[in-house]
Amino acid sequence: MQKGIKARLYPTIEQQETLNKTFGSCRFVYNHFLAERVRSYKEDETSLSYNKTAHLLTELKRDEDHLWLNEVDSMALQESLRNLDRAYQNFFKGNAGFPKFHSKHNRQSYRTRNQGNGIRIVGNAVRIPKIGLVKYKGLQPFEGTILNATVSKSASGKYYISLCVEMKETVRTNAGCLIGIDVGIKEFYTDSNGNTVSNPKTYSKHEKKLIREQRRLSRKQRGSNNRNKQRIRVAIQHEKIANIRSDFLHKVTTKLADENQVVCVEELNVKGMLHNHHLAKSISDVSWGEFFRLLDYKTAERGGRVVKVPTFYPSSQTCSNCGYKNPLVKDLAIRQWTCPVCGKTHDRDRNAAINILNKGLEVLAS
Ligand SMILES: [Zn+2]
């Protein structure tokens, strides 16, 4: 199994210069050969293969005007060509739009391979080809072989490394419980045991700040220095929100996967998405996709299962005690209701979560 492990890098000024040169060279190679591929297709209706571009790159590096390309990690330049080739393949398969030219204003990155143990951890530093030992923070310990590394610089100027590691097999288990969860609008979710998990409180604070910084950005003149500075402030807020979200999602999915053999959830959270607006909406949209992705793989890692229940199942309106369907509960404002048939009083969300669990177990048995 391969796993991505990310850490923040703290390069020296000198290392930053080399890293920036590598980002620039990789971007140059990518854009140069994208233009070449476009031209080749226009002029002779032939498409350049990866091998052909790799050959042309070797020639380009001998060219007097491009000798500077020899100053950076050669594997990184090759990986740029691979990225370009992959972008083309994705385009032809219909998975993506036509490859775009890379801009120096966005996040910068390059990938390099681990050849001859060129990438390795040495104490609190990671060795990167052509860069040397770079200090890092926040790398979780791992046992496995590093296959490749992606070094990146965020729009706000922070450096990161993402190691792709072939992990040693570890046996993980779960505590064997069964749970249903009802994903929410105001709360993140409520489970069938009656526990509610709320969204991180710090979201709204950073959201407000982000909206403010974005409004300021829209007032700055295009191409001005102030606009550049403001763009960085916006990027920092985006990163803060993304970090909080990532920590939060990892925490809740690890807990669910550790405790449960079966986790039942609704297939799609249409009702939650309809009632969210603007930024809150975009944050929760990203969150749900990531939540399901993490939950799926962490549960599978521990031998458990995620069971998806069809959305059209009326989980909120059905009495989890006797099965009576109460049309009055459709109104989202009703948080608590008493079943007119069996007399049981329900918390809206917990009742839904219990129904999702029961339905999920049915799906699993069929
Ligand atoms: Zn009932």
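The values are calculated or read from the model by the stated rules, or taken from the named source; none is laboratory data. Computed from a prediction, not measured in an experiment: that's the story for all the values here. Heads up, the Cβs are rebuilt from the backbone with ideal geometry, glycines too, and the neighbour counts pull from every protein chain shown.
Table for the structure above
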item	result
Enumeration of residues in the range 143-188 that are closer than 22 Å to residue 11 by Cβ and among the β-branched types (Val, Ile, Thr)	146, 150, 151, 161, 165
Condition check for residue 128: assigned by TED's automatic domain parsing to the domain that holds residue 37 and surrounded by 19 or more Cβ atoms within 10 Å (Cβ to Cβ)	yes
Every residue from the range 313-341 that is charged (D, E, K, R), more than 14 Å from the ligand (Cβ to nearest atom) and either assigned to a loop (DSSP other than H, G, I, E, B) or modelled with pLDDT of 90 or more (or both)	331, 335
Any hit, the range 211-221, residues being part of a loop (DSSP other than H, G, I, E, B), farther than 30 Å from residue 347 by Cβ and free of Cβ contacts under 8 Å to residues at least 12 places away in the same chain	yes
Residue match in the range 38-52 (condition: surrounded by 12 or more Cβ atoms within 10 Å (Cβ to Cβ), modelled with pLDDT of 95 or more and of a type in the set (Gly, Ala, Ser))	no
Residues that are in a strand (DSSP E or B) and out of contact with any Leu (no Cβ under 8 Å at 6 or more places or on another chain), drawn from the range 92-131	108, 109, 110, 111, 112, 120, 128
Pair list, Cβ < 6 Å and 6+ apart or interchain, from the range 326-355 residues that are under 13 Å from residue 184 (Cα atoms) to residues that are assigned to a helix (DSSP H, G or I) and more than 10 Å from the ligand (Cβ to nearest atom)	335/348
Residue satisfying condition, being surrounded by fewer than 19 Cβ atoms within 10 Å (Cβ to Cβ) and modelled with pLDDT under 90, within set 157, 97, 118	97
Pick from the range 342-352, criterion in a loop (DSSP other than H, G, I, E, B) and surrounded by 11 or more Cβ atoms within 10 Å (Cβ to Cβ), ranking: nearest to the ligand (Cβ to nearest atom)	342
Residue that is nearest to the ligand (Cβ to nearest atom) [pool: residues in the range 289-312 that are under 17 Å from residue 361 (Cβ atoms) and in a loop (DSSP other than H, G, I, E, B)]	310
